[in-house]
1. Can you give me the angle between helix 73-83 and the longest principal axis of the chain, using Cα atoms only, in degrees from 0 to 90, rounded to the nearest 10?
2. Could you tell me which of I80, N124, I49 has its Cα farthest along the dipole of the stretch 2-154 towards the positive end, charges placed at Cβ (Lys, Arg +1; Asp, Glu -1), taken about the Cα centre?
3. Placing +1 at every Lys and Arg Cβ and -1 at every Asp and Glu Cβ, with all other atoms neutral, what dipole size does the chain have around its Cα centre, in debye to the nearest 20?
4. Given contacts defined as C-alpha pairs under 8 Å and at least six residues apart, what's the relative contact order of the stretch 184-307, whole-number percent?
5. Mind jotting down a quarter of the surface of the convex hull over the alpha carbons of the chain, in square nanometres, one decimal?
6. Say R0 is 45 Å: what FRET efficiency, to the nearest 0.05, do D94 and R143 get from their beta-carbon distance?
7. Which entries in K68/K282; K227/K268; K76/K282 show an alpha-carbon gap greater than 23 Å?
8. Helix 164-173 against the longest principal axis of the chain: what's the angle in degrees, Cα atoms only, rounded to the nearest 10?
Amino acid sequence: MVVIKGLQALDKEFPDPVVTIGNFDGVHLGHQKIFRKVMDAARGGGTSIVLTFDPHPLKVIAPDRKLKLLTPLDEKIRLIERIGIDVFLCIDFDREFAKMDPEDFVREVLVGKLKVKHVIVGHNYRFGKGKKGTTDLLRRRGRKYGFKVNVVRNRRISGYIVSSSRIRQLLLWGRVCEAATLLGRPYSIHGKVITGAGRGASILGIPTANIETPNELAPREGVYAVKVKINGNVYDGVANIGKNPTFGGEALSYEAHLFDFNGDLLGKDIRLFFIDRIRGEKTFPDAESLKKEIDKDIETAKLILKEHRVNVYP
């Protein structure tokens, strides 16, 4: 996949571009439905193109909302590449770009820069200054400039529209199984293993990997059954997201204990896939009580993961 960051870096023309436009946070099943329509339309000599924005427009025009993204940009690129899109074009979104009129966006970006032949967007897609651009406007301008427009109906699962906002809410509730159903994969965070407080091995006898992650959104605090990917290998494990209240902690931390793993993880890249939530975070009267509960968590996680047969993750 060709990755282009910034309109100024778009220095070539692609044959018969089929373009979809959006933020695509999470790259969930609704997004994947659109991407497959784009790839189908581009078969036979066309170019499938995903046009997105960074930072997310809401972070620029409504920073007070403090939006937490499901997928950092590099992960979004990785997931979209795996689907099979030809070109990923990321436009730098700032206050000046936010002022662009929808008509100008169509004329200058879609037609002028991309020479678009076909636009495919999701239902109720809106764009441009004040979100005044609609699918009806796209259709009208398509007739004027000579490009096709198709609108893809929302993907629904169990009566709910598959959306990034719905997935964010499920994760904040700790309902990672339902979030995985909408994503088409378990939700994950990634990062590097850093030096922690050392209580896992020294006090509890349960070595843990402490993770520093760029991910903005983590599931609700608590204990989870997880799959852990390191250097292409996947291990079963249990993870805790929380502040370690038993030891008077205040900062949010991410810790994982891997089953059947021996070795030094410090400094290694690691990815946690959240399979199911075991319990919420608790404060225990002493370390021994905490250790007994963790032993139970480990057994529960092993039972959950035994039933979870998927062993290959993107």
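Since every read-out is calculated from the coordinates, none of them should be taken as a lab result. No experiment lies behind these values; they were computed from the predicted model shown. For neighbour counting, all protein chains shown are included, and Cβ atoms are generated from backbone atoms with ideal geometry for every residue, glycine included.
1. Tilt relative to the chain: about 70 degrees.
2. N124
3. Working: 53 positive and 38 negative charges, 345 e Å.
The calculated dipole for the chain is roughly 1660 debye.
4. Working: 240 pairs, mean separation 40.3, N = 124.
Computed over the stretch 184-307, the figure is 33 percent.
5. Answer in nm², one decimal: 17.7.
6. 0.90
7. K68/K282; K76/K282
8. Taking the Cα atoms of the chain, the angle to 164-173 is about 10 degrees.
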